[in-house]
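None of the figures in this text is laboratory data; all of them are computed from the coordinates on show. Here the structure is a predicted model, which means the values were calculated and not measured. So basically every Cβ, Gly included, is an ideal-geometry build from the backbone, and we count neighbours across all protein chains shown.
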Amino acid sequence: MPASHRARLVDWTPERFEQWAATVGPNTVAAVRAILASRQIVEQSYRSCLGVMSLAKKSGGMARLEDTCGRALAATPAPSYTLIKKLWAGWTPTDPPPAPSLGDAGFVRGSDYYGSRA
């Protein structure tokens, strides 16, 4: 390995990626671990991990990344950066707020109102 490449080995380690992922959440930790384990030579997975890290800087931030990693893990036990990136692009919130009902506001009369008139 060239000297310039060996110098980068000091900066990036699997532990450093896992520590960063822990600041986001457990789904991100599991996804980063799966990416790191996906290659025989662990250094070959660093660019994918850096790609996952870059997603946290985009709009939606860490909460969106955590949700996206959770969806990727639900789809496959060993998600890749490519899968996470595709899910990120098509992301919608997991739990959209429920649509308000007129009954919840008290404007609709129930069957008891109409039933006992004589």
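Of the residues Arg71, Arg47, the one with the fewest other Cβ atoms within 10 Å heads the list, and the complete ranking is Arg47, Arg71. Converting phi to 3J(HN,Hα) with the Karplus coefficients 6.51, -1.76 and 1.60 and the offset θ = phi - 60°, region 49-59 yields 5, 5, x, 4, 4, 5, 5, 5, 7, 7, 4 Hz in sequence order, with x at every glycine or proline. Going toward the positive end of the dipole of region 3-93, with +1 on Lys and Arg Cβ and -1 on Asp and Glu Cβ, which of Gly60, Ser48, Ala89 do you reach last? Of the options given, the answer is Ala89.
A Cβ-based charge dipole, computed about the Cα centre of region 3-93 with Lys and Arg at +1 and Asp and Glu at -1, lands at about 280 debye.
In sequence order, region 68-85 has phi-based couplings of 5, 5, x, 5, 5, 5, 5, 7, 7, x, 10, x, 10, 4, 4, 5, 4, 5 Hz under the Karplus curve 6.51 cos²θ - 1.76 cosθ + 1.60, θ = phi - 60°, and Gly or Pro positions carry x. Using the Karplus relation 6.51 cos²θ - 1.76 cosθ + 1.60 with θ = phi - 60°, the per-residue 3J(HN,Hα) values for region 37-47 come to 7, 6, 10, 5, 9, 4, 5, 6, 9, 4, 5 Hz, with x marking Gly and Pro. The rule of thumb for compact globular proteins, 2.2 N^0.38 Å, goes into the C-alpha radius of gyration of region 3-93 1.05 times.
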